[in-house]
Structures are given as C-alpha cells and as structure tokens.
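Before any comments, here is the structure.
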Amino acid sequence: MHEIVVVDYGSQYTPLLARRIRELGVFSRIVDSKRFEITKDTKGVILSGGPQSVYERGSLKLPEKIDLTNVPTLGICYGMHLLVESLGGRISAGSSGEYGATIVELEKDELFEGVPDNLKVLMSHGDSVLSLSDDCEVIAKSSRGIVAGIRKDLLRGLQFHPEVCHTEFGKRILANFVRGICKAEGDWSIKVLEKDLIEGIKRHVGEEKVIAGLSGGVDSSVAAVITSRAIGTNLTGVFVDHGLMREREADEILSILRELRMNVRVLDAKDLFFSRLKGVVDPEQKRRVIGEAFIEVFEREARKLGATFLLQGTIMSDVIESGSSSGTSDKIKSHHNVGGLPERMALKLLEPLRQLFKDEVRLLGKSLGIPDGFLNRHPFPGPGLGVRILGEVTPEKAQVLQRADRIFLETLRSKKEDRSSWQAFAVLLPISSVGVKGDRRSYGYVIALRAVDSSEGMTATSHEFPWHVLKEAASRIVGEIPQVSRVVYDLTDKPPATIEWE
Ligand code: XMP
C-alpha cells in the first residue's frame, strides 16, 4: 500500500495533513523528525509547519535519513524554511508576521494544476524567506511580496497551509502533490479503518472490562459503539449527570444511547461537581477540576464493575490543542479528556479515536449504523457549560445559561437556521451590565452568543446569521430571563480566538 509520510514539527495542523491525505484514499502516517524512516511504499514526504524558527538554537532539523534528491518532498511553513536553508537560502524574522487570510499569486507549476492564479490562503507565520539559492525558483508570492512557494526538482515549499479548509483549493494542491508529483495510489477507506480499530481494541483489551465515559457527545458515543462491537458486554457506559449539560439534553441523549442498545448507567454527580468548582475562576484550573471530578466518579464506578480500562472519546483536535504528541506545539487549552486527567489514575486509558478528526468520527459513526440525526449534533465540550460560564461556576449561573442557550437554539430552529452553522451556543460572561426593563433599572448578566462555520474545529469563522434572527434571540433572552440585561454576538474567527471562550 502506497503511503505519504508526514514529519511532525509541532504544527497545530500536522494531523490534519495526514487526514487530508487519507481523504485522497492514500495511507498516511505521522512521524517524529528524529525517528524518520521510509519504506519501499513511501511515495512522498511532507514536512509540517511548527512554532519554532529554523535559525533558533536547538530548533528541529531535517531528518538525517531524508534523501531530498530521491523522494518528492513538500515543506509547509517551517517545513519550507528547512528546505530553503538546506538548499543554501536564508530565513529571517519578518518585521511583522502574516496571520489569517492572505491573497497569494501563483506561477505555473504541477502543484497548482487546476488552481486559479490568485488564491485566498491561510498564513500563520512570523518568519519569511530572506534569500534563495540560484537554482531555487519562486512559484508563489503573497500580496505583500513575501515568498509563498518555492520549487527545486522534486521539492516544493509553501508558506501557507493547504491542509486547512480556509485555504481555497487546498485539497486540490495536496492532491496535485500526492497523486501528481508523488504518483501515489491507494484505496484506503473508513471501512478499512473500522476493521483495523475493532481488531486493535480486541488485542489491546483482551478479556478485561471497560467502563465508557459517555458525555453525550458524538465522539464518546462513537467510541463506545465501536468498542462494544469489539468486546461486547465487557463494556459498560456511564453517563455522568454533572448539572452542566444543556437543558433537557441529558434525557434526550440517554434515550438515543439506549436505542443503540448501549448498556448505560446514569450517575447523579451534580453536588460533587458544583462543590469542587466553588471559587475556581482560572479556565485551566476549571478544566482540571472537572477532569478530576469525572475520574473520581469513573474510578468509584469501575471498582464496583471490576473494570480496568476507561474508554474516552478523545479525538485528534483534543490531543493537538492540549499540546502535540511530539511535545513541540503550544498548549492552547487542556481538553478535559486529555490534559485535564490527573497524573495518577487507577484506570488504564482506551482512546481508539485519538488519530481521527470530527468529520472522520462522523463517517465512522455512519459506517457503524449510528443515525444521522445523532451524528450531526453540534459538538459539545467535555467540560460542558463549565467552560461557557466565565469565572466561577454556580448552579444559579448554570440555570441562567441553560435557559439562554435553549432560547438561542429554539430561535434558530424556528427560523430554520439550526443547521446553517457548525456549532452554535450561548456563553455567560462574568460581568454585569445596566439596562432598563419596564421603566425600572436592571443590572444583570451579559450573555454572548457564538456560532461558527468549521469542518474540523481546528479553524473556524464566525457565522453570519440574518440580523433579524439574532435580534429575535437577543430580545427573547433579555425578555424571558430576569437575571440577564444584555446580549452580544461574537464576531471573532479561530484563529486568533478559539471556538469556546475558555
Ligand atoms: P476550541 O474552543 O478549542 O474548540 O476552539 C474546538 C472544538 O472542540 C470543542 N471542545 C472540546 N471538546 N473536550 C471536548 O471533547 C473539551 O475539553 C473541549 N473544549 C472544546 C469545542 O466545542 C469545539 O467544537
């Protein structure tokens, strides 16, 4: 089976690169630059981006064993800088970085076959090419004149990220590299993945018992269904009711999980979670506290069941944003089922979806027979409304937020806008604001509404609803919830913001 090897230099987007290649039907694996090996099946190499600068002391280098004259290689951002240096050019810190959408102008090249000459791309870098060796050609330039693409024989470099959906024709560019320049062929598919995962879980778990932490989200449910296919009744699902779910959501989720014939237990842990969250305001601390409370509940239950494994629906974006597997990417936040786990835990972790992205998880769920309506639910963070109540979390604030969130989603549903964005929710801010309700002064909470368009949660743009939809949601929230005096809409993209506020 042909493969493309992705060398990880710590970019947030490295796993996305591997995933895009799998989407093209070609197997792809991620390797560390120090453990680089290729096989007779390796048709090409991609060097990822990364947070370092190539001129920094101790920065990661090209793999020692790479033969750039023999294997087609595409360097992206940091990866391109490594290629430029190795060819005798120089990289320097730009006077100002380029972050976000930029227009680049493309020259004729196999990499850009079928791609327009002017392209909107995602840039995210502070360094740029200062000089190039004579035999290296520029194949793309940004509107500010910065080198955005280079070529030499089998080598290509791009300053921008073709792997994110905010780069136009990004998939086409990667396809041109993989299928055109590398001549890789393959028929990798979700069915192959499903079979491999089931076999892997069987081997890993053997005859031991597994307890599944069900958050009600798509990821933990798909993880549970695939594990139950592998080990049957040795799996028990545990749904922790922590009081930080959306209104009425716990009941809806349970009925769906039971329809899927999952063996599910519900544990009421509201008091435990709220008491642990008392006085906690720091977002990272909050994520840790919630993670620890979950584990406490799971461990107690596991002892009763005789389980030795804890199954979690951790997916790739959780892993990346909690710090990359190679340890070189910046930690954005501790996703509770990754960075928020206590160091010492009696249970072994089982995370079969760790290499997958949200939309791959949905495809896998579909292939496992999970209904579309369930798979297409909006993503919901593991720590629940805990990371949508900024500042201290209290039962009263949770109730206010649940109501605001329900009104927002109800309004979207009534205007047939509930499926137009990738994710939509309300956030409760830790400030109060003055208003006037029925001739009386009010002084209450501020609710922020957030909705984004995205395909894998790694990048996102704020969603544009028709104005009247937002106005109606805002007026209902302020009108129906006495504690709220103002509603605002979040216009920020990711990057630079994240989707959740904490
Ligand atoms: P951020 O806020 O990091 O969110 O841009 C990206 C996507 O991940 C969801 N999210 C989480 N999911 N555990 C999860 O399972 C978490 O701790 C967590 N934090 C954020 C978020 O809702 C968005 O879809």
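Overview of results
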{"quantity": "Residue check, T69 open to solvent by 10 Å² or more (accessible area, probe 1.4 Å), under 20 Å from L16 (Cβ atoms) and not in a helix (DSSP H, G or I)", "calculated": "no"}
{"quantity": "Matching residues, the stretch 29-63, being open to solvent by less than 20 Å² (accessible area, probe 1.4 Å) and in a loop (DSSP other than H, G, I, E, B)", "calculated": "F36, S48, G49, S53, V54, S59, P63"}
{"quantity": "Test set (1) outside any loop (DSSP other than H, G, I, E, B); (2) surrounded by 14 or more Cβ atoms within 10 Å (Cβ to Cβ) - D271 fails condition number", "calculated": "(2)"}
{"quantity": "Subset of the stretch 24-50 (residues that are in contact with a Ser or Thr (Cβ under 6 Å, 6 or more places away or on another chain) and under 22 Å from G149 (Cα atoms))", "calculated": "V45, S48, G49, G50"}
{"quantity": "Residue that is modelled with the lowest pLDDT [pool: residues in the stretch 225-267 that are among the β-branched types (V, I, T) and either outside the structural domain of F298 (by TED's automatic domain parsing) or open to solvent by 30 Å² or more (accessible area, probe 1.4 Å) (or both)]", "calculated": "I256"}
{"quantity": "Residue that is surrounded by the most Cβ atoms within 10 Å (Cβ to Cβ), among those in the stretch 298-320 that are within 15 Å of the ligand (Cβ to nearest atom), of a type in the set (A, V, I, L, M, F, W, C) and at pLDDT 90 or above", "calculated": "L311"}
{"quantity": "Wholly enclosed strands (runs of 3 or more DSSP E) of the stretch 124-187 bearing at least 1 residues over 26 Å from R19 (Cα atoms)", "calculated": "137-142, 147-152"}
{"quantity": "Any strands (runs of 3 or more DSSP E) falling wholly within the stretch 392-502 and containing at least 2 residues that are surrounded by fewer than 18 Cβ atoms within 10 Å (Cβ to Cβ) and within 15 Å of the ligand (Cβ to nearest atom)", "calculated": "none"}
{"quantity": "Residue check for K286: open to solvent by less than 10 Å² (accessible area, probe 1.4 Å) and either modelled with pLDDT of 90 or more or under 23 Å from L385 (Cβ atoms) (or both)", "calculated": "yes"}
{"quantity": "Where a residue in the stretch 491-502 is within 15 Å of I447 (Cα to Cα) and its partner, wherever it lies, is more than 8 Å from the ligand (Cβ to nearest atom) and part of a strand (DSSP E or B), with Cβ under 6 Å and at least six apart", "calculated": "L491/S462; W501/V427"}
{"quantity": "Qualifying positions in the stretch 180-224 - modelled with pLDDT of 90 or more and at positive phi", "calculated": "K183, G206"}
{"quantity": "From the options S442, S420, S414, residue that is at negative phi and within 21 Å of the chain's Cα centre (by Cα)", "calculated": "S420"}
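The values are calculated or read from the model by the stated rules, or taken from the named source; none is laboratory data. Worth saying up front: this structure is predicted, and the values here are computed from it rather than measured. Glycine also receives a Cβ, built like all others from the backbone with ideal geometry; neighbour counts cover every protein chain displayed. We work out accessible area using only protein heavy atoms, side chains counted, and drop any ligands, DNA or RNA first. Shrake-Rupley method; radii C 1.70, N 1.55, O 1.52, S 1.80 Å.
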